[in-house]
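Every number in this text was worked out from the coordinates using simple rules, so none of it is lab data. The structure displayed is predicted, hence computed values, not measured ones. Backbone-built Cβ (ideal geometry, glycine too); neighbour counts: all protein chains shown.
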Amino acid sequence: MKKTINYLAGILIGIINILIGACGGIVAIECLKKNNINQTKAHATAISIILPLTVISAVIYLINNNVKFSDSYVYIIPGIIGSFAGSLLLPKIPSKILSKVFSIFMIYAGVRMFLK
C-alpha cells in the first residue's frame, strides 16, 4: 500500500511540477518528510527528484514554442553559482531554521500570488 501511495505521490509531483513549476518540489519535500526523512535531506532529495521532471518540462515547453531559451540566459550562470553555494550551505543550516525560512518564503510567495 505504501508503494502505491508513493507512486501516486510521484505522479502528483510530476503533474504539479509541469503545471505550476516549483510546487512539485514542495510536494516532494512533504512526501519525503512523511517517509521519515529529515528536513535537510528532504530538500536535497527533492532537488534530485525535480531535476529530471524540470528537464522534461523544459523540453516540452521549448518544443511547443511556449518559451524562448534566450529569455533564460540572464539567470543561468547566476543560478548555477547560487545552486553551488546553496548545496554547500544546506548541510550547515539546522533543520528547524531551514523549515522556518522555507515557511516564511512560502507565505510571502502565497501572499504575492493572492494579491495579483
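GNM remark for the chain: springs join alpha carbons under 10 Å apart, and the peak mean-square fluctuation among 68, 33, 41 falls on 68.
For the residues 76, 47, 18, a GNM of the chain with alpha-carbon springs under 10 Å puts the largest fluctuation on 76. The mean sequence distance of close C-alpha pairs (under 8 Å, at least 6 residues apart), as a share of the length of the chain, puts its relative contact order at 21 percent. Within the set (1) 54, 34, 18; (2) 40, 35, 32; (3) 38, 37, 25, the number that Cα extents along the principal axes in Å takes when calculated for this structure is listed as (2).
Within the same chain, lysines fewer than 8 places from residue 92 are excluded, and of the rest, those with a Cα less than 28 Å from its Cα are 33, 34, 41, 100. For residue 68, the lysines whose Cα comes closer than 30 Å to its Cα, not counting residues fewer than 8 places off in the same chain, are 116.
Taken as Cα centroids, region 41-89 and region 4-28 sit 16 Å apart, rounded to the nearest whole angstrom.
Since only 66, 76, 89 are under comparison, the one whose Cα sits farthest along the positive direction of the charge dipole of the chain, derived from C-beta charges on Lys, Arg, Asp and Glu, is 89.
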